[in-house]
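Below: the structure, in structure tokens.
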Amino acid sequence: MPDSPHSSLPADPDQTPEARRLPLDSNAVQRQFARQARRTGSSRPWLYGEVAKRMQERLDYIRVAPAALADAGCGAGEDLAALAERYADCRQLTGLDIAPDRAAQARARLQPGGLRGLLGKLRSNRGIEIQTADFSLAALPAGSQQLVWSNCALHWSGAPDATLKQWSQWLAPEGLLMFSVFGPDTFREVRQAAREAGLGAMTLEFVDLHDYGDMLVAAGMATPVMDAEVLTLSYSSPEALLAELRTLGGNAHSRRAGALISRSRWQRFLNALAAQHDPALGGIPLTVEVVYGHAFKPQPRPARGPAGVSTVPLDQLTASLKRRPGG
């Protein structure tokens, strides 16, 4: 059964947003990333590092000074370490990753005197916690974070709308959510080859940029900013292309082939990939659409009582008075 190259969340009116699901096997996700950790050690795919660099460049234009931040899908801790250096006054850093080996690598990276000696010096008087947990289900205290960061991880959630709502709940008012995710044009060459070979789903289903914007609003976030860029990679052979895909996490589609694929059908798939060779690129292209999003958690609106009277909680009023000059 070929997978859809352009996927939004199901539009079933009988389902609430939290109940909607993409065709993704969460158990397969954990297995895929455990294998990836064993295959690549503490290093991560270069593409994730490049996207993280571009996210960091976007942070240069955003004013935020987090006292606590969380990295959802922290991998081996590369981004968490970079955020720790950027925000030297941040007192609490939390990383979450579903793969135990990756979480262990992140703990080792963030220890004093470990892979990043400078971070060890910065670590005094700050807390660092790495949880082996599904970032869609982890229960960080509500309102505890000023920054939630997630690099190339949200497309591994079968319910991205519910996940964004969970992340929003972690944020304090005026806190920032920043994430990157693969968009629907990603790996289109692989899907085309799979259709030609009569194979089932060979990649995840990816959600459109505009849908993510709608999800952020539905999650209670304010003024979401979304943009995307398309990267075209090139490979010398089908085998080299597929090896790259495996480093990015593999295929956890719930409708992927459940049995061994025949040799002849697999060869048809490889031939269909090879037929896409582009002389201008000097190899077989692979499209990656990277979607970037960020939004802020708004201040809660005062409740309105009878006859238009506004009701403001006492703790919120006290905090407001303390922020005034001379308060």
Within region 140-169, which residues are assigned to a helix (DSSP H, G or I), surrounded by 24 or more Cβ atoms within 10 Å (Cβ to Cβ) and in contact with a Gly (Cβ under 8 Å, 6 or more places away or on another chain)?
154, 156
Every residue in region 275-295 that is farther than 30 Å from residue 217 by Cα and surrounded by 15 or more Cβ atoms within 10 Å (Cβ to Cβ), please.
276, 277, 283, 284, 285, 286
In the set 176, 137, 204, the lone residue that is surrounded by fewer than 24 Cβ atoms within 10 Å (Cβ to Cβ) and in a loop (DSSP other than H, G, I, E, B) is 137
All but one of (1) without any contact (Cβ under 8 Å) to a residue 40 or more places away in the chain; (2) on the phi < 0 side of the Ramachandran plot hold for residue 160, so report the exception by its number.
(1)
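This table checks each residue for (1) in contact with a strand residue (DSSP E or B) (Cβ under 9 Å, 6 or more places away or on another chain); (2) modelled with pLDDT under 90; (3) closer than 30 Å to residue 169 by Cα; (4) in a strand (DSSP E or B).
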| position | (1), (2), (3), (4) |
| --- | --- |
| 200 | yes, yes, no, no |
| 228 | yes, no, yes, yes |
| 273 | yes, no, no, no |
| 284 | yes, no, no, yes |
| 287 | yes, no, no, yes |
| 293 | yes, no, yes, yes |
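The values are calculated or read from the model by the stated rules, or taken from the named source; none is laboratory data. Everything numeric here is computed off the predicted structure, so don't read it as measured data. FYI the Cβ positions are ideal-geometry reconstructions off the backbone, even for glycines, and counts take in every protein chain you see.
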